[in-house]
Amino acid sequence: MNILIAGGSGFIGAELVKVLQLHHKVTVLGRNISTLQKKFSKEIDKITWSNLSQLNATSFEAVINLCGYNIAQSRWTDAIKKKLIDSRVNTNKALISWLISQVAKPHFICANAVGIYGLQNNEDPRPLDENSAINVEHPIDFLSEIGVAWQNALLPAVDDGIRVTTTRFGVVLKKRAGMLKKLELGFYFGMGSVLGSGKQIISWVHIQDVIDSLIFLLNNPQLTGAFNITSPNPVSQDEFASTFAHIIKRPLFLRVPGFFVKMLLGEMGECLLLKGQRVIPTRLRELGYQFKYPTLSEALKQEYTART
């Protein structure tokens, strides 16, 4: 296939490009050509957003949009909130407008996140899947607001007859990347901790299952709509912290009160660290996808003991 990837410089995108280039023609779309040239080999075609209109949209069998400003980059001020939404919505709008203007109908795969379901009460045992209700009219928290806006930006593509697949990612686990990168130093120095009650649920997924899931969807373009890209076994934050500490052979004896997290990080800390949701990948499993790392222990062992 001839595949265009927007947001290929992120850790998911870079991993996906590395795998896809072995069997497909890949073009990476980004903001800065020099950054793309440093990041990717000469075999990878590169183009900037300012030159997108010059690209032949009908030549692509698939377009993948992984763009989005890092949700945990900084405290959520009004300006950051706008940037978080705009970086997701506006890239969708630009890509879809480009496709429609050239009467192109590739398989369009867009990232989203499990936050679209809204945060659950930490005592709520209900699993959420692709059939779970989403409050589209009145999102119940900011993470849900992002997810709904992100998803709604796809409607013009659906209306135009473009096959659209939405991937709702959980917390993606990869050594020295994403959430694990933020945790590693503290845990290695014995400063890992349980946050708040520790009962908040983390819906996670190993990077290899993210890549394999995306390839599974690419190979089956008839599979449209929403897909949860999460392990079938979400865990509490308490279990996550204790499993991580055990895998890297470090102690875990600290507990950070919830009020301190909220005082330090505000709404971002409350949404990302003190609450969560129990999301399961019903559609992928029903279609026969087999997770390579279905349990947290297996995923973390792969990252911290199987590699040198």
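The values are calculated or read from the model by the stated rules, or taken from the named source; none is laboratory data. Since the structure is predicted, the reported quantities are computational estimates derived from the model, not experimental observations. Here the Cβ positions follow ideal geometry from the backbone for every residue, glycine too, while neighbour counts run over all protein chains shown. For accessibility, only protein heavy atoms count, side chains too; no ligands or nucleic acids. Shrake-Rupley method; radii C 1.70, N 1.55, O 1.52, S 1.80 Å.
Of the residues making up the range 34-81, those that are under 18 Å from Gln102 (Cβ atoms) and in contact (Cβ under 8 Å) with a residue 24 or more places away in the chain number 14.
Filtered by the rule that a residue be of a type in the set (Lys, Arg), crowded, with 17+ Cβ neighbours inside 10 Å and under 17 Å from His24 (Cα atoms), the range 37-66 gives a lone residue, Lys46. When Lys83 is tested against (1) at pLDDT 95 or above; (2) in a loop (DSSP other than H, G, I, E, B), only condition (2) is not met.
Taking the range 266-299 as the region of interest, how many residues are assigned to a loop (DSSP other than H, G, I, E, B), of a type in the set (Ser, Thr, Tyr) and farther than 20 Å from Glu239 by Cβ? Quick ask: steps written out before the conclusion?
Quick first cut of the range 266-299, residues assigned to a loop (DSSP other than H, G, I, E, B) only: 275, 277-278, 280-281, 287-295.
After this cut, where a residue has to be of a type in the set (Ser, Thr, Tyr) as well, the list is 289, 293, 295.
Going one step further and asking which of them are farther than 20 Å from Glu239 by Cβ, we end up with 289.
Adding up the residues that qualify gives 1.
Cβ-Cβ distances below 6 Å connect the following pairs, each with a first residue in the range 119-147 that is among the hydroxyl-bearing types (Ser, Thr, Tyr), a second residue that is in a loop (DSSP other than H, G, I, E, B), and a separation of six or more residues or different chains: Ser144/Gly118.
Across the range 224-252, the qualifying residues are those that are free of Cβ contacts under 8 Å to residues at least 60 places away in the same chain and over 22 Å from Glu123 (Cα atoms), and the one among them that is most open to solvent (accessible area, probe 1.4 Å) is Lys249.
Taking the range 142-151 as the range and being open to solvent by 30 Å² or more (accessible area, probe 1.4 Å) and either touching a Ser or Thr at 6+ places or on another chain (Cβ under 9 Å) or farther than 23 Å from Ile96 by Cα (or both) as the test, only Gln151 passes. Strands (runs of 3 or more DSSP E) fully within the range 170-216 that include at least 1 residues being closer than 24 Å to Leu143 by Cα and open to solvent by 10 Å² or more (accessible area, probe 1.4 Å): 171-174, 193-195.
A Cβ distance below 7 Å, combined with a sequence gap of six or more or placement on separate chains, defines the contacts here; from the range 181-204, residues that are under 30 Å from Arg126 (Cβ atoms) and touching a residue at least 60 places away in the same chain (Cβ under 8 Å) reach residues that are open to solvent by 60 Å² or more (accessible area, probe 1.4 Å) and assigned to a strand (DSSP E or B) in the pairs Ser193/Arg255; Val194/Arg255.
Just one of the listed residues (Leu273, Leu264) is among the hydrophobic types (A, V, I, L, M, F, W, C) and within 15 Å of Gln200 (Cβ to Cβ), and it is Leu273. Taking residues in the range 260-277 that are without any contact (Cβ under 8 Å) to a residue 24 or more places away in the chain, and partners anywhere that are open to solvent by 20 Å² or more (accessible area, probe 1.4 Å) and among the acidic types (Asp, Glu), the pairs with Cβ atoms closer than 8 Å and at least 6 places apart or on different chains are Lys262/Glu270.
For the range 148-198, a tally of residues being touching a Pro at 6+ places or on another chain (Cβ under 7 Å) and basic (Lys, Arg) returns 1.
Counting only residues that are closer than 13 Å to Phe291 by Cβ and acidic (Asp, Glu), the range 203-238 holds 2 of them.
Once the range 261-290 is narrowed to residues that are open to solvent by 40 Å² or more (accessible area, probe 1.4 Å) and in contact with a Phe, Trp or Tyr (Cβ under 7 Å, 6 or more places away or on another chain), the residue that is nearest to Pro125 (Cα to Cα) is Arg283.
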